Each structure stands twice: as structure tokens, then as C-alpha cells.
There are 2 protein chains.
Amino acid sequence: MKGVAGKLLVVDLSKQAVETRELPGDSLRLFLGGFGLAAKLAYDAIPKGADPLGPENSVAIAPGLLTGTGIPTASKTALAFRSPLTGTFCRSVAGAWLGVALRKAGYDAVLITGASEKPVALVVEDGKARLVDASDLWGLDTRATRAAIREKFGEGFRTAVIGPAGEKLSRIAIVDCDGRQAGRGGGGAVLGAKKLKAILVKGTGDIPTADPERIKELAKKWNEVIRDHPATKADMGYGSGEFLDWMNRESGTFPSRNWQWGFFKSAYERAGEGKIELDPYYWAPKYSARNVACPGCTKPCGKLFVIKEGKYAGTEVDGPEYETLYSLGGCPEVASIEAVAKANELCDLLGIDTISAGVTVAWAMEAVERGFLKPEDLDGIDLKFGDEDAFLKVLERMGKREGKVGELLSDGSKAAAERLGKGEEFAIHIKGMELPAYDIRGAKGVALAFAVSFRGGCHLTAGVYGAEFGGSWWKFEAVDRHSVVNKGFEVKLHEDLMALYDVLGICKFSRHIFFLEGLPELVAAQTGLSFSAGELLTVGERVYNLARAFNVREGFTRDHDHLPKRVMEDPIPEGPSAGDRVSYEELQVMLDDYYEARGWSRAGVPLKAKLVSLDLPELAEEVGSGKVG
Amino acid sequence: MKGVAGKLLVVDLSKQAVETRELPGDSLRLFLGGFGLAAKLAYDAIPKGADPLGPENSVAIAPGLLTGTGIPTASKTALAFRSPLTGTFCRSVAGAWLGVALRKAGYDAVLITGASEKPVALVVEDGKARLVDASDLWGLDTRATRAAIREKFGEGFRTAVIGPAGEKLSRIAIVDCDGRQAGRGGGGAVLGAKKLKAILVKGTGDIPTADPERIKELAKKWNEVIRDHPATKADMGYGSGEFLDWMNRESGTFPSRNWQWGFFKSAYERAGEGKIELDPYYWAPKYSARNVACPGCTKPCGKLFVIKEGKYAGTEVDGPEYETLYSLGGCPEVASIEAVAKANELCDLLGIDTISAGVTVAWAMEAVERGFLKPEDLDGIDLKFGDEDAFLKVLERMGKREGKVGELLSDGSKAAAERLGKGEEFAIHIKGMELPAYDIRGAKGVALAFAVSFRGGCHLTAGVYGAEFGGSWWKFEAVDRHSVVNKGFEVKLHEDLMALYDVLGICKFSRHIFFLEGLPELVAAQTGLSFSAGELLTVGERVYNLARAFNVREGFTRDHDHLPKRVMEDPIPEGPSAGDRVSYEELQVMLDDYYEARGWSRAGVPLKAKLVSLDLPELAEEVGSGKVG
């Protein structure tokens, strides 16, 4: 296939060996790149029953098909692996220069297998790769690791590194890609278990493209569209935090106080008529030093948050984005934006996922509130909702797996409740992954999407909140977010589309710019192949089913497509979504619809016929169901 | 696109003009050929609200993509038009030499528009076409028409002709293709209204093929598969009539006595332990002179039925096939196979659809039984279930639209009940099309498929009876035919697959030989393009949605996806499926599932997002729904 190098770098850490292989044409045609290619490589490489933290787990890394081509916002690189947080298949995506450099170095993907005995780094330079000792980097935080790499290897390397959390096998550990995170599902722990501290890539070649002139034309065209698009101004001005007021005050679906509330009640009460501190309308003018972009993005949503004075002076972090405003703000009820920024920086440096980290601490806060945890269980820290000092102390111990706090909380809320032997009823996770910043009690389609997401509680797998909250979006008229009727196809379509975005490497914040219709011409220019919109969507569907098949192989089924007890039993108490919850029966109705839309059995297993018709005949044999009823 | 000529013959009968046009590459890529191409041409050509029997209706004719290439059983040619029987979009398919000749003459499709004032014939010879007077053919039956054509134009023409029924605008009139019928939906009436008596085609060129050597290899390979396949022996020995014993005695789902019974009770009572006369195990050895094949078929299911002695001496008919054993046998309770063969011949010669014709007469028989009709309403004929003489008399009058019988019955059962002003409650049709030979009360998935089929009561749109009755079929384990659970995706998948078979021109009786997996290599050899199985299935889905969009444009919606009252209210009284019916509530459950699987609204309207993702953006704007709930 044109527009790709056709090369896979295979790294066997057990043997300390690297090898370059040809990628089979079929895989490229059916999976294209990015999440698709990474998913296929990971599925094939990881045996059934693999310990996520054992040498038998593998991590596949693949830049999106369009990443680095100059098509605006095509910036993403996907990691695929078995998650230590959930036990499921996991995709973790970052706006990573690493992926751009990989392509320039001549590789479409990297597959990391086995485990090293001592810390190593993988160094890739223009078609060559080697493993080097990285004992001197071990223990460093992410920023210090990058600095040490520059010092040791010189300038010009793009990197992926893990922080202390990954080294300590925290199941919520991230992979840091030059300050952008492949955040969810514990990819950092998988690399930590393999003792792979860092990946360094330098590439000076051209990224292959079937029709370079056409790509340039299209880049120009779409840059103009983006320049004139109303969302661009918002992204560049305030970033994703702009969702906050909408979700919080307008919809009443910004979960706070560990989902005891559907909006950040105490902050609004304090703010009165003014903006609450977490709102970027308040903080961006004050603290945002400049925009921070993913590679090739012309509408950067990142904000470099710099605190020069006061208690948190010296804090410098790319963020906080909307999700983080929830997880490190609303959920633990921390109303001070400076404290949220500090917490964000702490998570990034130690290398833990801000969503999982904040929600896990909020769980602990509620456990304290209920008397399930005492200060003596938490290294003497008196952890309470809204206490920013205690919050920051706990976060730091979690990231370092220090003391009783680290022992209890470093692996997320599900593990914490298991260790404590109670509190599962207010642990806000699905399949072990902590929920992001949408109170799904008030958005039934989003609840379904979270329940079925292959990696657990995830807003990015379907991205269906746009349809549920957005009035009208793409071809959908205003969807009734309080209704459970007909949500199956709605969620399926969004999942397939978002999977396709991750295949192509295009930012999901651009889904309301390229939609589906904008994609075929991009793929045609890049590959020289004519894919219709429907055919491209089928690629997304194929990848999605591959991920589900992995989970089915590991024993995941309908019973695991659950919702947290709180979501099903405790209605949102006040605000615009007051009274909303998702009952068990409502969930079952939506699951039936969804499985029907997906071509899966009532047990949630892809039908053999569906897998065969997605060109996955081996999977049909391995995990497919023949039973329609 | 390679493997096609790229030429469309446009015939404007109002202007008496013919013209050759280039087919747009996009249409070929997205619709390939056969039903796909015909559907696209018809959709674009027929304006909203067109009178099916007016000049504004069009008939598009297209041979399947593989028809005539030598791939075994790839023999079909599709017609698409607005049906005068149902008012819906209609596909009508025949194993037609006409299509093979069209391709050899350099055309991929013919579009017939307008209407002639006097009878004409279209004559196509190797890239040239003309309209000629056909007044001398008008009034002739189909066999006589073919003979007159040979006489007048010489040997070597492949034909499509209409009989007296088509001329008289019978809404159940067929198009006869050299003795094989495009049977359902009244295509013969549409041609009759256009006064197009016949189409004659002679082609001496080669059928374009991207890779002729590869096609030869594949033809050889698949011929060997077919030769060794157990179904082949059955097809060649007894034809589709072999289903009869299975459906009748084993399943109790062979409707008889106008669906008062789920099996042919009286015949079995008479036969005792022996075979009933309708069973080909009984009649084939006695009456089958030889097998009759569609073009390129190496497992011919057709049987030339010849009666040399007795009351029906001189009868010579290609048939009866399974459906006809029901419609001209079980449904009117005619137990004599000689009478059924005679009735079959009558239908073929006059040019009416055997299914619609027999079921309509059975309706009249029940109307007589209930006292709604008297002999004086039927030209003095004393019409009773099981009376073969009266049956044949009525059939003949229907086919000729003669007398009171013709006036009442020639347009099918729905029109008959409307004209009589009563009897709709036992009229066995959906959307006006009479039901085929599967008692859907005992096969819920088939019931759903019939209810939603775009052309009304049709077994070929989904062909899902294989899954419901077949124990295991393809990737489906034994489906519970008595259950309504999870039938949506099952039906959708079969519809998409069967649409694809009609696009490629492969016989649906080969679906258990090629399945889906066998198709990509055939398409690749023919077109030089690499379509995956999933992409091919998307072509089928695209075509299916186009047909639905046509219906939606004409006001068809969920309310029209109904079942006959008898199916919903009168359980099968005896036999293996005794007690089975499909309640109104069960139908609603299945419709919800089905629409979800299809990506349609609860009203049965394709969602805009679905149509866009099937590369039908104009249809999304024209008829698509934005409402998910």
C-alpha cells in the first residue's frame, strides 16, 4: 500500500533484540494505521490469559495513517496493549511527536514484547534501532527524564517515557510523549514491567505519501476551513475547559463530590454570579502563558499554565483540560484552580492519569466521610472533600506508591475498594477504569457508551456526548439525552467513527470539522486507494470488533458491560438533570439495542457472521458466536 | 472500472429515441452492477409520486457484475422499477440470457423511460439499438411471442417479452426472459403500459474482464466445488421442490388452503404413508424430461415437466418449483401435480406471477367459502378449494383480464379485496404482494423479513429461511424460529448479503456455496479492484438502503411494515408448528430490533448518518431522518 513504509520494528526485550519486519499488505489494507494497525499487532501478539504486567503482554505503537502528513490535527499515535487496570484490551492515544518521528525514520509501527531485566531505553534513528541501558534514568520524573535524555543523547529526539508511577507498576500509569500523555489504562505500568523507561526516535526522512501535491492542497484547504471555524477560536482561547460551564451549570452533568452531585454546587455557591475558578474564562487570561499544540495542529487546545507567585509558584503544566478540571477539581471538590494545576503537574511528572487519579482520591475522600478509612490508614493524612493540601499529599504518594496511601490507592479505585474490602458501591469505575467528566445519569446514550466501551469507563471510545448534549450534531437532530430509546445504533456509529479517527490519527476534536465525509479524499491522497466513506467506517467497525473479540477471549461478556451502582441507584439530587439515573432495566434495554446494532449476540459476543463480514474470519472461529438469541 | 463496459443504453419510448451514455465511474464503484446499478438508475430516473403505469415510471435492467463471465450460477439480470402491485420500489430478477447478450453487445445496463403509443420492440445488436413496430406481436402469449420473434428477426436473439397479462396491465404480470421469469411486482405491466412488447438482444463481443485468466481459474475451481457439493445432486435431481416435504411435514410451515392450514393436510391424509403428489420424489421420475438451467449454471434446478397423456396432455413447462407447488398447489388445495403443472404453464404463457396468481385465487376461494363471492360474481364458475377445473378457468381469465373474474382478480389479492369491499382480513399479502411458501407464523425471523421487505411479501429479499429452518447455516447455529429475540441483525445481514448476490448476479441458491467469503476473489478478478468481504457487504447494504429510501420518499414507513391479519391473529391449527402466530406486540419488538440493526429511526426511516456512511449523502438530505428516538 502506498503512503506507508510497510515496516514494523519488533523489539524483544527478553532477548534484548530488535528486528525489522515487513508488514503484511492485508493488514495495512484492512487496518490502515494508527489504532487499527496497533490493535491488529497487539491482538496477534498477546496470548490468551496474558498477565498484563508479565513479559507475555505486548505494546504496539502506531502513528495514524495521516499523522505527520500536514493534514491539520492529524497528530495522533496509538498504543495498544492489555490493560493492567481493566484486564481488557486497551487503546491509549497521544498527540505525539514520537509518531511523526517514527514515520520519518521509516517505520509504521513498533511492537514491544518480552521484558528486560534492567532498565533500558529504545533508541531509533532513521531505520536503525538499538536498546541501551537506562539505569541512570530510572527513578526520574517525566520532565527530568526528558532533560536527562537531551543531556545524554543530544537534541532532536522525540520521546515516550514513563515516570516513577510506571516504574512502580501503578495500574493508572501513563506514557508521556514529550508532555502529551497516552493517559488511560495503565500503559505506563506495562512499559514499567518491561523495564522500558524510554523510547527515543529521530527520523529525518520524508513521510511516504502517494500523492504529495494533493496532500498539500488538502492541507491548505482544511487549514482554511479550520481557520474560519467557530470552534477554533474557542479551542485556541480556552481549550476544552470551555465545556465546563455548559456541562456544569447548563446541563447539571458535571459530576462533583465523587458523583454525589451533578454539578459543582459549592463552587457556584461561592462564586455567586461570577465565574467559578475552574472555568477557563476565569483562569486562562490570568495563567495561560501560551497555547500548546499537538504536532500539526492549527487549532491548539493546550494551554501552558504558569503560576509565578504564591503557594504554588513554579507550577508549569500543559493543562488543565476539561477532564482534569473534573477529576482533580469537581470530583474531589477542589475549587482552587491553582491547586488543580499543581495536581495536574504532579500527575504528569509522576506519570499517572489525571482522570483515574482524581476519581480514586475522591473515592477515598468518600470512604473517609463514611468512616471506612481513618487518617491512620492514610499515613496520617486527614483526607476530606475540598481539602487541597491533603489531596496533593495523597496524589504524590499514589504516584510514587509510597506508604499506606500508595499501597491502597496506586492502582485505582477498583483495586482500592477490593483492598479495603468495602466501598465498591461508591467506586466510580466501569471494568476498573474511572469515569470521565460526564454525569451519565443525565445522558443515557453516553451511559451506554461508557458501559460497553472495551477499555472501561471512557468518553473517547464513542465520543457520543456531542450528539447527546450538542443540540444538533452532524446528521443528528437534538437527541433526547434523558431517553433510552434507540441508543444502540447512535452509540455504535460514533464508536466506529471514533475508531476511524484513531486509525487515521486525526484529533477527535476535529470530528465536527471533517465528520465522515471529509475523510475519503484524505485517505485517497495518502494511499492512492479509493475508499468510500462507508468503507472507511467499516475499517473503524472492524477495529472496534477486534477489540471486543480480545475481551471476549478473556471472558468479558454482557455482565461486564455494567454501570457503577451510584449511576443506577442514586439519582442526581439537584440541578437541570435532577432525578436522572440509569436504572438496571434501562441499561438492559440499551444493551439489547446496542448488541443488535452491532451484530452481537444477546450475551454481547460478536456473531461469527458479523466477524466474517468484517474480514475477521480467524476471530469468528476463535471467539465468534453462532447464537442469535 | 475494469470488467465493465461503462455503457448505458437509454431508451425514451415517448420520443422513440435510443441513446448510449457513459455510466459515471462513481456509480459503478458504489453499485457494481446488477441490482445495484439498476436500483441506482431507477432511483435517479423515477420522480417522486410517479404513476407506476405512467410514462414517468422507468425500468432499469442490468446484468449482474459476474453474469456471463463463466463463474458458475452467475446468471442473473435485475430489473428495477416502481411496482404497480405495491407502489414500492421493486427488484425483479431472472436467470436471463438477455443479460449475457447485453454484456456481449457492449452494455452494462438499459434504462427504459417514457411510453410508446403503439406496440414496439427494442432490438439491440452489438452496440446498436433501435425501436421497431411490434403490433404483430401484440396479443401473443410468451411462447408464441418468442416463436414470432425467431420467425421475424431470425435466430440468435435473447429476449425479454411480456404476455397478454402485461399488455392488459395486470399488476401481477411478469417479464419472461426466454422461459425464465422476472416474476414479482408487476414488471410486465410496467412494460405493457409502455407498450414495449419485447426486448431482443444479440451480442457477439467478449464480456469485459480485468483478469480473464484468473476468471477461468476461478470458474474451474468453483465448478469443482459445485460438482462435489451435496446440494448439487438435490438441485439436479428434484429442484427446489425438494423443500416441500421438509417444510410441509417436518416443519408444518407449508401454508395451504389460503393459510388456513400450516401443512397440506388433505393431501397427506390421502397419501397415507406415501409421497404426496406435489412432492418431486413422486413426480420428477415420472414427468421430468430433462433439467433446465439458467445461463452458466452447472447445477440446474429447473425441470422440464412434460405431460404426454391424459387430460393435460401437451403441457410442457419449466417447473413447477417449490414456490409454485405452494401457490398453485397447497394454497388453493390443488393436490394433482398434473393440474399444478398445467396451471404453471398457463401462468407462464399468459405472463402472470405464479405466486401472486395462486394466492389471489385462493383468496377468492375463501371468499366463496364465506359467502362473500357467488358463482355469478365469477362468470358462473363454482370456485372451491381443491377444484382444479374451476381453478384453471379462473387463472386463465385472470391472465387475460377477462370477464368479471378478470376485473376482480387480475391485479392481485389486495386490489381484489378493495374491489369487493371485504375479505382483506384473509388476503395474504404484505404491501400488496402475495406471500410466498413459508408459513411465517412458525418462523419469526422470516416473518420479520417479509414484513420489512421493500417490495412486500418476499422470500428473496432476505432469504433468511435458510437460517431459521436450516439447523445450522453459514455462521449461524440453529436459530430458534419460534422466538422473536434478536432477529434484527439476523435479517439485516441476510438482506445485505442477498442484495449483494443480486448485484453480482449470482444465484441465491448458491449462497450456501460461495457464502460471503467466496465473493471478494471473484470481484477482484472481474474488476481488478480489491474489495474486502466487508466492503462488498456494504455494497449490498447501500443498495438495500437506496430501495428503502425510495419507499420512504413515497410515504412508506413503519406502519407499512405489517403482517397479514391471519398471520397475527390465527395460530397454525395443527402440526409441528401448531399454535404459532406472530402477535402484533412480537412484530413491534422485532421491528425495533431490526431498525436498530439497520441504523433507522423507530419510524423505519434511515438515519441521515447511516445514509451518509453508506455514501448516499443526497439521499440523506432527501429522505434521511435526524431523529434517533
Legend entry - Phi to ³J(HN,Hα) by Karplus 6.51 cos²θ - 1.76 cosθ + 1.60 over the range B:600-606, Hz, x for Gly, Pro: 10, 5, 4, 7, x, 9, x
Inset, instruction - In whole Hz, with x marking every Gly and Pro, tabulate ³J(HN,Hα) for the range A:434-449 from phi via Karplus 6.51 cos²θ - 1.76 cosθ + 1.60, θ = phi - 60°. - result: 5, 6, x, 8, 10, 6, 6, 4, x, 8, 5, x, 5, 4, 4, 4
Inset, instruction - Estimate the FRET efficiency between B:GLU376 and B:ALA234 by the formula 1/(1 + (r/R0)^6), using the beta-carbon distance for r and 60 Å for R0, to the nearest 0.05. - result: 0.80
Legend entry - Spatial separation of Cα centroids for the range B:321-380 and the range A:75-144, in angstrom: 74
Legend entry - Relative contact order (%) - criterion: Cα under 8 Å, at least six apart; region: the range B:241-429: 16
Inset, instruction - State, as an integer percentage, the relative contact order of chain B based on alpha-carbon contacts under 8 Å between residues 6 or more apart. - result: 15
Legend entry - Charge sum, other residues only, whose C-beta stays under 9 Å from B:ASN344's C-beta, Lys/Arg counted +1 and Asp/Glu -1: -3
Inset, instruction - Over the range B:7-202, calculate the relative contact order: mean separation of alpha carbon pairs under 8 Å at least 6 apart, over the residue count, as a percent. - result: 23
Legend entry - Computed [θ] at 222 nm, helices only, for chain B once each DSSP H run of length n ≥ 4 contributes -39500 (n - 2.57): -11500 deg cm²/dmol
Inset, instruction - Would you list which aspartates and glutamates come within 13 Å of A:LYS492, measuring only between C-alpha atoms, while excluding same-chain residues fewer than 8 positions from it? - result: A:GLU541, A:ASP592, A:ASP593, A:GLU596, B:GLU596
Inset, instruction - Would you please classify the overall shape of chain B from the alpha carbon gyration tensor, given that a ≥ b ≥ c denote the square roots of the eigenvalues, rounded means a/c under 1.5, and beyond that prolate means a/b larger than b/c while oblate covers the rest? - result: rounded
Legend entry - Distance between modelled label sites at B:GLU622 and A:ALA144, nm, 7 Å Cα→Cβ extension: 6.7
Inset, instruction - Give the residue from A:LEU378, B:THR20, B:PRO617 lying farthest towards the positive end of the charge dipole for the protein assembly as shown; charges sit on Cβ (+1 for Lys and Arg, -1 for Asp and Glu) and the dipole is referred to the Cα centre. - result: B:THR20
Inset, instruction - Check the straight Cα-Cα distances from B:LYS422 and name the aspartates and glutamates below 20 Å, setting aside those fewer than 8 residues away within the same chain. - result: B:GLU366, B:GLU369, B:GLU376, B:ASP377, B:ASP379, B:ASP382, B:GLU407, B:ASP411, B:GLU434, B:GLU569, B:ASP570
Inset, instruction - List the lysines whose Cα lies under 16 Å from the Cα of A:LYS40, skipping any in the same chain that are fewer than 8 positions away. - result: A:LYS7, A:LYS48
Inset, instruction - Please give the FRET efficiency for B:ALA313 paired with B:ALA578, using the beta carbon to beta carbon distance and R0 = 45 Å, rounded to the nearest 0.05. - result: 0.65
Inset, instruction - Tabulate in residue order the Karplus-calculated ³J(HN,Hα) for the range B:197-204, using 6.51 cos²θ - 1.76 cosθ + 1.60 with θ = phi - 60°, rounded to whole Hz; enter x for Gly and Pro. - result: 6, 7, 10, 10, 9, 10, x, 10
Legend entry - Radius of gyration, Dmax [the range A:7-202; alpha carbons; angstrom]: 14.8, 42
Inset, instruction - Determine the distance separating the Cα centre of the range B:198-263 from the Cα centre of the range A:383-424; give it in Å without decimals. - result: 67
Legend entry - Charge context of B:SER625, other residues only, Cβ under 11 angstrom, K/R +1, D/E -1: +4
Inset, instruction - List A:SER240, B:SER413, B:SER356 from most exposed to least, where exposure is judged by having the fewest other Cβ atoms within 10 Å. - result: A:SER240, B:SER413, B:SER356
Inset, instruction - Assign one of three labels to the range B:241-429, namely rounded, prolate or oblate, based on the Cα gyration tensor with a ≥ b ≥ c the square roots of its eigenvalues; rounded applies when a/c is under 1.5, prolate when it is not and a/b is larger than b/c, and oblate otherwise. - result: prolate
Legend entry - Student exercise, the range A:440-623 dipole from Lys, Arg, Asp, Glu Cβ charges, in Debye to nearest 20: 220
Inset, instruction - Give the distance, in whole Å, between the Cα centre of the range B:521-568 and the Cα centre of the range A:573-629. - result: 23
Legend entry - About the Cα centre, charge dipole magnitude for the range A:328-408 (Lys/Arg +1, Asp/Glu -1 at Cβ), debye: 180
Inset, instruction - Within the set of other residues whose C-beta is less than 10 Å from the C-beta of B:ASP502, count the net charge using Lys and Arg as +1 and Asp and Glu as -1. - result: +3
Inset, instruction - Any of A:LYS194/A:LYS400; B:LYS286/B:LYS384; B:LYS233/B:LYS303; A:LYS311/A:LYS374; A:LYS265/A:LYS311 with alpha carbons more than 20 Å apart? Name them for me. - result: B:LYS286/B:LYS384; A:LYS311/A:LYS374; A:LYS265/A:LYS311
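Throughout, read-outs are computed from the coordinates displayed, never taken from laboratory work. Treat the numbers as computed from the prediction; the structure is a model and nothing was measured. Note that each Cβ is placed from the backbone with ideal geometry, even for glycine, and that neighbours are counted across all protein chains shown.
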